[in-house]
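The values are calculated or read from the model by the stated rules, or taken from the named source; none is laboratory data. Computed from a predicted structure; not experimentally measured. Neighbour counts are summed over all protein chains in view; Cβ atoms, including those assigned to glycine, are modelled from backbone coordinates with ideal geometry.
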Amino acid sequence: MGPLAGYKVIEMVGLGPGPLCAMMLADMGAEVIRVDRPGGNMFSGQPADLLGRNRKSLAVDLKQPEGVETVLRLVQQADALLEGFRPGVMERLGLGPDECLARNPRLIYGRMTGWGQDGPMAQGAGHDINYIALAGALHAIGEKGGKPVAPLNLIGDFGGGGMFLAYGMVCGLLETQKSGKGQVIDCSMVEGTAVLMGMFYAMHQAGMWKDERGSNMLDGASHYYNSYETQDGKWVAIGAMEPQFYAALVEQSGADPELFKHQHDASQWPRLTQELARIFRTKTRDQWCALMEGSDVCFAPVLSLAEAPYHPHNVARQSFFKMDGMLQPAPAPKFSRTRPEVKCGPQPVGSNSEEILANWGFATSEIGKLIEQGVIGAKRT
């Protein structure tokens, strides 16, 4: 039983960051009900839809008034609802904050968009790359003189979006225990990304960060915070920032202490980077692992998606697990007492509709009628 056991959450199913937020809440023990469109989307219910784990699926046709009323009846019993549509979509469906909070004044209503619920860009389409561009993050990532490099869609969608919404909803749930009142959480991926960039905004204003890619200690310019190719064409990552860790790097790599004595002289960084590149090409990745892994060099092998789950540290920590033949990251963080768990993989769209409605107080006759009318999709036995 995870730390959120006992909480009931409704997920209006979308793509990417919304399912991540819902998965995080479900992994921590909340009962999260996926409200799917009949037929779902391109990922729904697929074994590889790892972000869809730990929830049951209710398929509802929200174009029918009875479908909207079905969701509103669930809202009356829920602690929270989350959605990730463009501003105004839920209102047009009849499931906006006003309608939902009228049914349940204690409801935490989580909303996630790229631009936010208002502002001049609120109604425009966008993706992670656009949101992190507006927040100042994309500009900072890439090689000197090169173009900005998209860091997958980790920063906007998942870091500034899904994780920030999960954090906001848990904050809302804590607050409502004191006030007895619900509220709306307006989670913008632009603003979440800006918060993630807080340290860099501070360093820039303090004169410690150049507004040019590939020119700073953390963006690939420094020799002591960089990645290097090994003899076998693989890579290792070095993060020896502090003096004692830098000293360990110099010693264990066999570098010339005299050449490397001025760690923070940026004018020497290109030369020192070239020298470390030469040194790291003298051994294979495994040989460097045997020499440096677990030491104070701040070293790690650069592992692929196929390799990372099987690294001895990740195996010892049980950082990954298999369910239904699918390898996936384990719930995080770990708790000493209320241990998170994964109870099920992604469920086919509508496969749990009857069970969900029955558990949430719908009469058998009502459920049968909703199925007959095509309001909900269900697997009939």
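Across region 14-29, what is the number of residues that are touching a residue at least 40 places away in the same chain (Cβ under 8 Å) and either among the aromatic types (Phe, Trp, Tyr) or in contact with a Lys or Arg (Cβ under 7 Å, 6 or more places away or on another chain) (or both)?
1
Return the pairs, sorted by first residue and then second, in which the second residue is crowded, with 19+ Cβ neighbours inside 10 Å and small (Gly, Ala, Ser), the first residue lies in region 163-185 and is within 23 Å of Asp128 (Cα to Cα), the beta carbons are less than 6 Å apart, and the residues are 6+ apart or on different chains.
Phe164/Gly192; Leu165/Gly110; Met169/Ala80; Met169/Gly110; Ile185/Gly110; Ile185/Gly168; Ile185/Gly172
Check Val195, Val236 and return the single one that is of a type in the set (Val, Ile, Thr) and closer than 25 Å to Asp296 by Cα.
Just one listed residue meets the conditions, Val236.
For residues that are out of contact with any Asp or Glu (no Cβ under 7 Å at 6 or more places or on another chain) and of a type in the set (Asp, Glu), scanning just region 153-211, find the one that is nearest to Arg86 (Cα to Cα).
Step by step, filter region 153-211, then rank; the result is Asp186.
Every residue, every condition in (1) among the aromatic types (Phe, Trp, Tyr); (2) part of a helix (DSSP H, G or I); (3) touching a helix residue (DSSP H, G or I) at 6+ places or on another chain (Cβ under 8 Å); (4) outside the structural domain of Asp27 (by TED's automatic domain parsing), yes or no:
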site: Leu272; (1), (2), (3), (4): no, yes, no, yes
site: Ala277; (1), (2), (3), (4): no, yes, no, yes
site: Val297; (1), (2), (3), (4): no, no, yes, yes
site: Ile367; (1), (2), (3), (4): no, yes, yes, no
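When Ala290 is evaluated against the numbered criteria (1) at pLDDT 95 or above; (2) part of a loop (DSSP other than H, G, I, E, B); (3) over 25 Å from Ala221 (Cβ atoms), which criterion, by number, is the only one it fails?
The one condition Ala290 does not meet is (2).
Over 20 Å from the mean Cα position of the chain (by Cα), at pLDDT 95 or above, of a type outside the set (Phe, Trp, Tyr) and loosely packed, with under 12 Cβ neighbours inside 10 Å: which single residue out of Ala358, Ala316 fits that description?
Just a single option satisfies the conditions, and that option is Ala316.
Surrounded by 12 or more Cβ atoms within 10 Å (Cβ to Cβ), in contact with a Pro (Cβ under 9 Å, 6 or more places away or on another chain), assigned by TED's automatic domain parsing to the domain that holds Gly294 and within 30 Å of Ala306 (Cβ to Cβ): is that true of Ala247 in this structure?
Answer is no for this residue.
Looking at region 337-361, which of its residues are over 18 Å from Glu69 (Cα atoms) and hydroxyl-bearing (Ser, Thr, Tyr)?
Correct list: Thr338, Ser351.
Name the one entry in Leu154, Leu107, Leu82 that is closer than 20 Å to Arg37 by Cβ and aliphatic (A, V, I, L, M).
Leu82
So, of the residues in region 141-157 that are in contact (Cβ under 8 Å) with a residue 60 or more places away in the chain and surrounded by fewer than 22 Cβ atoms within 10 Å (Cβ to Cβ), which turns out to be farthest from the chain's Cα centre (by Cα)?
Applying the filter and picking the extreme gives Gly145.
Any residue in region 52-79 that's more than 30 Å from Met323 (Cβ to Cβ): show its pairings with residues that are hydroxyl-bearing (Ser, Thr, Tyr) and surrounded by fewer than 21 Cβ atoms within 10 Å (Cβ to Cβ) at Cβ separation under 7 Å, as long as the two are six or more apart or on different chains.
none
Which residue out of Ala137, Ala122 is in contact with a Pro (Cβ under 9 Å, 6 or more places away or on another chain) and surrounded by fewer than 22 Cβ atoms within 10 Å (Cβ to Cβ)?
Matching residue, one of Ala137, Ala122: Ala122.
Which residues, counting only those in region 250-264, are surrounded by fewer than 16 Cβ atoms within 10 Å (Cβ to Cβ) and at negative phi?
Answer for region 250-264, where residues must be surrounded by fewer than 16 Cβ atoms within 10 Å (Cβ to Cβ) and at negative phi: Glu251, Asp256, Pro257, Glu258, Leu259, Lys261, His262, His264.
Contact list please: Cβ distance under 7 Å, first residue in region 330-355 and without any contact (Cβ under 8 Å) to a residue 60 or more places away in the chain, second residue surrounded by 13 or more Cβ atoms within 10 Å (Cβ to Cβ) and part of a loop (DSSP other than H, G, I, E, B), pairs at least six apart or on different chains.
That search, which allows pairs on different chains as well, returns Ala330/Ser319; Glu354/Ala378.
Among the strands (runs of 3 or more DSSP E) confined wholly to region 18-96, which include 2 or more residues that are buried (at least 18 other Cβ atoms within 10 Å of the Cβ), within 17 Å of the chain's Cα centre (by Cα) and at pLDDT 95 or above?
Strands (runs of 3 or more DSSP E) meeting the threshold: 80-83.
Would it be correct to say that Cys298 is touching a residue at least 60 places away in the same chain (Cβ under 8 Å) and over 25 Å from Glu11 (Cβ atoms)?
It is true that Cys298 is touching a residue at least 60 places away in the same chain (Cβ under 8 Å) and over 25 Å from Glu11 (Cβ atoms).
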